[in-house]
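**Q** Would you mind keeping the following structure in view while I ask a few things?
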Amino acid sequence: MAAAGGLDERSSRELWIILLGRSAMRDPVQIKAELDRYGERFLQGLSFYKPPSTSSADKVKANKNLAPALKELGQRISKFLGLDERQSVQLLQCYLQDDYRGTQDSIKLVPQDERQSQALILKIADYYYEERICMLRSVLLLLTYFQDEKHPYKKEFNDCMDMLQREDLMGKYRKHFEDLCKEEAPTWETHGNLMTERQVSRWFAQCLREQAMLLEIIFLYYAYFAISPSNLLALTRLFKEQGFGRRQQNRHLVEQSLDPLIDRIGYFEVLILLEGIDMDSLQDYVFKDELEHPFTNEPQFCKDMDNILLTFGDIPHHAPVLLAWALLRHTLSPDEVATTVRKMGSMAVQLHVFKYLTSMLRGLGSGENNCTTSTACLCVYSLLCFALTSMEEHTLGKQQVWTDLHHTGFLPFAASSSSGHFISTENMNAGGYGTLLGIEQSHGEYSVTISFLRLVTTLVKGQLGSMQSQGLVPCILFVLREMLPNYHRWRYNSHGVRENLGYLILNLIHAILNLCPDVAPMSVYACLGSDAAAIRDAFLNRLQCSIEDMQIKVMILEFLTVAVETQPGLIELFLNLEVKETNGTKEFSMGQWSCLQVVLDLIDLQQSDQFWCTPQLHRYAIAFLHALWQDRRDSAMTVLRTKPNFWENLTAPLFGTLVPPSESSDLSVLETCAFIMRIICLEIYYAIQYVHLADVMHLTDVKVKQELFQDILSGTEILFQVPSSAPCLQLGFMLCTLMMILLRRWKNELRSPEDIIKSLARILEGVLQADKQQMDKVKARIFSVLICTLEMKQMKASNIPQYQQLVLSVCENLQDEVMSLIDETRHGLTTGDGAEDKDSMETDDMPRTRHKDQRDTVCVLALHLAKELCQADEDGDQWLQVIRQLPVLPMLFSALEISLRGKQNLHFCEASFHLLFTLAKTHQGAAAIAGAGITQSICLPLLSVYQLSSNGASTAQPPLSSRKAVDAPSWPGVYRLTVSLMERLLKTLRYNFLTDALDFVGVHQERILQCLGAVRTVQSISCLEEADNTVCFLLQLSNFTKEWHFHLPQLMKDIQVSLCYLCQSCTSLLYSRKMLQHYLQIKSSEAVTSGSTSRGQRTPQTPSKQSKPESEALELRALRSVQHSLLKILSKTLAALRAFTPDLCQILQPLDLAQYQLLLALNFSTPAFDADVVPSFGTFLATVNVMLNMLGEMDKKKDPPFPSAAPASPSEESKNLKPLLLFIIENCFYLSISQAVRYLRDPSVHPRDKQRMKQELGSELSTLLSSLNRYTRRGVPSSPAAGVLPSPQPKSGLSTKAAPEAQEPIIQLVQAFIRHVQR
């Protein structure tokens, strides 16, 4: 037999690798020799591969150098592939040389074994398909680099391309494409029995790939070489007939998986026509008058193209071609073909041309970023640049071009409907323009961006109406979030473009803020994100720069003036006030980058030479100061008052000579004086209105504190004895506020809370007799004081004065508040107020009055107070009496149902579930909740909580290190509370609540499965807490596997699988601390800084300046907290899985194994951190190994590897952590052994697999057991599982010697199993 090596001809793959420069042949001389030798093959293209022929078959038969086996295989390959016999043998030899994994002698035996022969032929078919693709890749490589001066083979590639161009490369390749489109699919009659339906599908997929690559070559060729009008016309006809890839000869073979290939064919056909229309030449024609467009002297060609394109309009691929041709015809012959242009333009818009172009760019950009992709982007860029320029010049002001443009998807848009929550850019889509901006940045030219900014500014100033302005918001957000923070870092080819872009962006911001000075359209600070500080510094540098344009300075100051009132987060950033606390007193000072210092310099008369300030600029600086006084920015005002000469510099214009106003005079000076007078008036008003009382917060004498508080309490009680007096109620309200402040500060030093509660109960009784409008805010304060008092120390109900009456009073109030809340919420949902807020850019109508859901409303505070009172009732008897007396629970559930369904009243929902969770601690409380219909009321409406609301409310996760942020009310938090409530009710009521629990898990199964799977990729505190709560619920539900399997068999199976994957995810994350820390750092850097704060908050948001050790300590603390959470999740998951595997005490007895599915795959290696890796025995073995390593770390360091978030001593942490680690180890052993015996008892498992499992599992367990023995000998505390593990006493089939009494039960169990499997 002839050797496979030493072939005369190279394979196409080998050629491709050589041209890539990845072979040993890297010298340009060698490359030239290869191109000279095989250039003819590139020119022939796919026609290089010939069909079978008799003469070729005869030559193969006559070749004595070929072994008979090769001849026979060659003939079969020829028939199957429809390939020339000699080329088939050559293909076989190349395959044997490149890809064959057997010995050369073994090929002789292949023809004798039909199965091996068929397998070999199918592999060679794949090799052949790859050969054809590699040939086309080689030509594409030549086209990519033949003009690249940096490429080492540029000259050789260029010479080869010259030859290919001379020999009409494109004519031949176009013929290849036409032949491929018309080629009939192979059948078993023509190509043999191996040509099954699957092989036909593979052939068709290859056909489509070759079509796409041929079109890619044609596109790249015409990007370098001009296309003649006749060729453009012919290609237009060809692509139209072929339906831009959709009218394939063998379209009956099209499967869904082939759609991307067909789309790619259509994309390149569109790009070829766009390249032929050549928008760059059109741009030159418009802006360079001396040039003449190539199509100007081709009237017949233009007419023929018009006739063809007027038949377009039925598929999206037509849209860009119609737009490009319409722009060309409109530019070259605006009057002659107006009707034709209008038709084509309308069809392009109707086909969503910009949306199509965005999809095209995404589709082409999803692969590698190569020359073809960038050339395609430039082609689209040229089209859109010219289109946007034409739009700005000819069609602005028409509200119709806006509507059409808005619906095209070219401009940035919201991915989901939104209303009122424009602060978040989470659901934003940059549209087609976003893709173009990336292209412009790489090229340093920004003509499209300049047109975009002018267009948006014009539309904002025009306020195109409610619908249009709402559509503008995403464009504005895109400018603020993506452009403003970054434009100064972009690449620029021309001087002055950066400054022009900055001016246009500022001009747009100025237009936005002038639209509605009373209500801010969005949070600019939130949009800027982590770049906010850099933007501030840039703005202040502009203000200080002596050569900066005055108009830009004025615009910056006006922007800051409006921001004082409408952008609280942003203005705090610009104020940049630093806080220093001395003896409890806060002192404010200006930071290095405070805008106050810049403004002070502008109005400082002594620095007029250094900071030249025009009257107009001075006017805007004073206007900014007036805004601070007007909006009561106390911290900034305090800093300014203490500055030397502040009042002198501020009031200096009042003492100057004022020129009488006239029509031609500048009124800036007069306006400046008016602002100064207003500042003085406000300062006098504040000084008189707000008299500073003596500071009582720093008293040190405990007795004085107690007496003072008692005096306030007694005075308040007296005041509320006259409930009809408005002044008494007002003063009483102020005293309640003071009392609440003092109580929070002094709660550890005041007398017993029982006396305080007694007085508060009498105060509450008096308040309830007052007018409802008067008493609501007072009642809220008293509820707050009562909550603070109850939190002073843990008290039983019997120790709380008038407990029964207090509970009854609170529940009566709660009942009234809940009824009111239901009515308001229903009204809001009916009128649409609740579901969709008013467009923040519309200022014509008065804002609607809506129910305010806040943490300090009477309803929410009553719920929190009720929870504290319920906590004190240990047996629940007294609360049960109130529940029976008042319909509190049914009414609460009605309010929860309507609130959850409309995703309204967050604080109410959160407080309600806290109360219900506390009430469910006793059996009778849980029974009352279940009997009142908790599941029927909240189960289905709860779906709305974690589905995106109609107004686009975001459920973004809080920062990882923020425990406080997670505990704050949120809709994900409400869902977590609900899951915890279900778990507690099921745990307390068991079978009496099982049907409800199964209903709940059935309705929310998608969320539950998603939550279990999310731990692998999301390790935020909120995600881990939800996973923990979910696993706790499933752990309780696993006690009822028979009922669960009867009602929801498939879900139970899915849950088992998900729990196994969750174990694997937790183990992988705990195994690699560095990987977990890397994930946490990535997530932490992605956390969006929210700049929206309450208007009432005036505390400056000073950037934290933490040292590196402090930052590392915080990161380590976050890491340890996440690790501890993962351990808790892992332990509960393993405990839940025990319900789904046979009990070891029963498995040796007759047992229906069918009710227990096999949970683990027969694999014993450590699993990779990959979602596709199936959980196996190796998963649990790896878990044991990780736990043992952690125990080792603890012994070495005498310190837990990851203490919990709560501060505790290392010994306490270690004491709490070691049993948890042992619990995990024991359950892993238990599950592994149970599943192993399940395998051994299963008759369907092959004996060979059983034997392998015995050997490998026994060996792994022995190794782990020896490690565990070391720790138990050191006195590690027993696991909580020790009491529930089965006794390893000898049973039938598990004989063992008596183990030492000191050994842990789990060790005895594992030893018994090892001895059993090693027999």
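The values are calculated or read from the model by the stated rules, or taken from the named source; none is laboratory data. Given the structure is predicted, the values throughout are model-derived calculations rather than measurements. Here the Cβ is made from the backbone with ideal geometry for all residues, glycine too, and neighbour counts use every protein chain on show. Heavy atoms of the whole protein, side chains included, go into the accessibility calculation; ligands, DNA and RNA do not. Shrake-Rupley method; radii C 1.70, N 1.55, O 1.52, S 1.80 Å.
**Q** Answer yes or no: is there a residue in the stretch 1144-1161 that is within 23 Å of Met1187 (Cβ to Cβ), more than 35 Å from the chain's Cα centre (by Cα) and not aliphatic (A, V, I, L, M).
**A** Kept after step one, since they are within 23 Å of Met1187 (Cβ to Cβ), are these residues of the stretch 1144-1161: 1144, 1159-1161.
Filter once more, keeping what is more than 35 Å from the chain's Cα centre (by Cα): 1144.
Among the residues that remain, those that are also not aliphatic (A, V, I, L, M) are: none.
No, because not a single residue in the stretch 1144-1161 is within 23 Å of Met1187 (Cβ to Cβ), more than 35 Å from the chain's Cα centre (by Cα) and not aliphatic (A, V, I, L, M).
**Q** Let me ask something additional. Take the conditions modelled with pLDDT of 80 or more, under 25 Å from Arg542 (Cα atoms) and outside any helix (DSSP H, G or I) and apply them to Tyr503. Does it pass?
**A** It is false that Tyr503 is modelled with pLDDT of 80 or more, under 25 Å from Arg542 (Cα atoms) and outside any helix (DSSP H, G or I).
**Q** Of the residues Arg498, Arg542, Arg536, which single one is touching an Asp or Glu at 6+ places or on another chain (Cβ under 6 Å), at pLDDT 75 or above and part of a helix (DSSP H, G or I)? I'd like the intermediate steps shown before the answer.
**A** Numbers: Arg498 fails: touching an Asp or Glu at 6+ places or on another chain (Cβ under 6 Å); Arg536 fails: touching an Asp or Glu at 6+ places or on another chain (Cβ under 6 Å).
Being touching an Asp or Glu at 6+ places or on another chain (Cβ under 6 Å), at pLDDT 75 or above and part of a helix (DSSP H, G or I) holds for just one of Arg498, Arg542, Arg536, which is Arg542.
**Q** Something else now. Of all residues in the stretch 993-1042, which are of a type in the set (D, E, K, R), under 20 Å from Val1057 (Cβ atoms) and in contact with a helix residue (DSSP H, G or I) (Cβ under 9 Å, 6 or more places away or on another chain)?
**A** Arg1007, Arg1016, Glu1026, Asp1028, Lys1042
**Q** A further question on this structure: Quick check on this structure: which one of Ser970, Ser962 is farther than 25 Å from Glu1006 by Cα and modelled with pLDDT under 90? If you could, list the steps in order and put the result at the bottom.
**A** Details: Ser970 fails: farther than 25 Å from Glu1006 by Cα.
Ser962 is the lone residue from the list that is farther than 25 Å from Glu1006 by Cα and modelled with pLDDT under 90.
**Q** Name the residue that is modelled with the lowest pLDDT, counting only residues in the stretch 761-816 that are under 20 Å from Val860 (Cα atoms) and of a type in the set (Lys, Arg).
**A** Ranking the candidates gives Lys772 first.
**Q** Is it the case, given these coordinates, that Asn369 is of a type outside the set (A, V, I, L, M, F, W, C), open to solvent by 50 Å² or more (accessible area, probe 1.4 Å) and at pLDDT 85 or above?
**A** no
**Q** If you don't mind, there's one more thing I want to ask. Could you list, in sequence order, all residues of the stretch 240-260 that are part of a loop (DSSP other than H, G, I, E, B) and either open to solvent by less than 30 Å² (accessible area, probe 1.4 Å) or among the basic types (Lys, Arg) (or both)?
**A** Matches in the stretch 240-260: Gln242, Gly243, Phe244, Gly245, Arg246, Arg247, Gln248, Asn250.
**Q** Can you name the condition, by its number, that Arg10 falls short on among (1) in a helix (DSSP H, G or I); (2) open to solvent by less than 70 Å² (accessible area, probe 1.4 Å)?
**A** The single condition Arg10 does not satisfy is (1).
**Q** Considering the stretch 153-188 alone, what residues qualify as being at pLDDT 90 or above and among the basic types (Lys, Arg)?
**A** Of everything in the stretch 153-188, those that are at pLDDT 90 or above and among the basic types (Lys, Arg) turn out to be Lys154, Lys155, Arg166, Lys172, Arg174, Lys175.
**Q** Tally the residues that are within 23 Å of Thr187 (Cα to Cα), open to solvent by 90 Å² or more (accessible area, probe 1.4 Å) and over 53 Å from the mean Cα position of the chain (by Cα), restricting the search to the stretch 22-81.
**A** Residues in the stretch 22-81 being within 23 Å of Thr187 (Cα to Cα), open to solvent by 90 Å² or more (accessible area, probe 1.4 Å) and over 53 Å from the mean Cα position of the chain (by Cα): 1 in total.
**Q** Follow-up question, since we're still on this one. Considering only the stretch 53-140, give the helices (runs of 4 or more DSSP H) lying wholly within it that have at least 2 residues that are in contact (Cβ under 8 Å) with a residue 12 or more places away in the chain and closer than 23 Å to Leu43 by Cα.
**A** 85-98
**Q** For the stretch 1224-1259, give me each residue that is open to solvent by 50 Å² or more (accessible area, probe 1.4 Å) and closer than 19 Å to Ala1312 by Cβ.
**A** Once the filter is applied, which keeps residues that are open to solvent by 50 Å² or more (accessible area, probe 1.4 Å) and closer than 19 Å to Ala1312 by Cβ, the stretch 1224-1259 yields Arg1241, Lys1254, Gln1255, Glu1256, Ser1259.
**Q** Being open to solvent by 80 Å² or more (accessible area, probe 1.4 Å) and either under 19 Å from Ser257 (Cβ atoms) or assigned to a helix (DSSP H, G or I) (or both) is the filter here; which residues of the stretch 171-189 pass it?
**A** Step one: filter the stretch 171-189 for residues open to solvent by 80 Å² or more (accessible area, probe 1.4 Å), giving 175, 182, 184, 188-189.
Listed by number, the residues that qualify are Lys175, Lys182, Trp188, Glu189.
**Q** If you take the residues in the stretch 1126-1173 that are polar (S, T, N, Q) and open to solvent by 30 Å² or more (accessible area, probe 1.4 Å), which one is nearest to Cys1066 (Cα to Cα)?
**A** Selected residue: Thr1166.
**Q** So which of Arg264, Arg166, Arg202, Arg237 is within 40 Å of the chain's Cα centre (by Cα), open to solvent by 10 Å² or more (accessible area, probe 1.4 Å) and either free of Cβ contacts under 8 Å to residues at least 24 places away in the same chain or over 30 Å from Leu120 (Cβ atoms) (or both)?
**A** On the way: Arg166 fails: within 40 Å of the chain's Cα centre (by Cα); Arg202 fails: either free of Cβ contacts under 8 Å to residues at least 24 places away in the same chain or over 30 Å from Leu120 (Cβ atoms) (or both); Arg237 fails: within 40 Å of the chain's Cα centre (by Cα).
That would be Arg264, the only listed residue that is within 40 Å of the chain's Cα centre (by Cα), open to solvent by 10 Å² or more (accessible area, probe 1.4 Å) and either free of Cβ contacts under 8 Å to residues at least 24 places away in the same chain or over 30 Å from Leu120 (Cβ atoms) (or both).
**Q** Identify all residues within the stretch 286-332 that are under 46 Å from the mean Cα position of the chain (by Cα), surrounded by fewer than 19 Cβ atoms within 10 Å (Cβ to Cβ) and of a type in the set (Phe, Trp, Tyr); write none if there are none.
**A** Within the stretch 286-332, just Phe287 meets the criteria.
**Q** In the stretch 895-934, what count of residues is obtained for those that are open to solvent by 10 Å² or more (accessible area, probe 1.4 Å), in a helix (DSSP H, G or I) and closer than 17 Å to Tyr991 by Cα?
**A** Counting residues in the stretch 895-934 that are open to solvent by 10 Å² or more (accessible area, probe 1.4 Å), in a helix (DSSP H, G or I) and closer than 17 Å to Tyr991 by Cα gives 6.
**Q** May I ask you to verify whether Gln606 is open to solvent by 70 Å² or more (accessible area, probe 1.4 Å) and part of a loop (DSSP other than H, G, I, E, B)?
**A** When the stated conditions are applied, Gln606 does not pass them.
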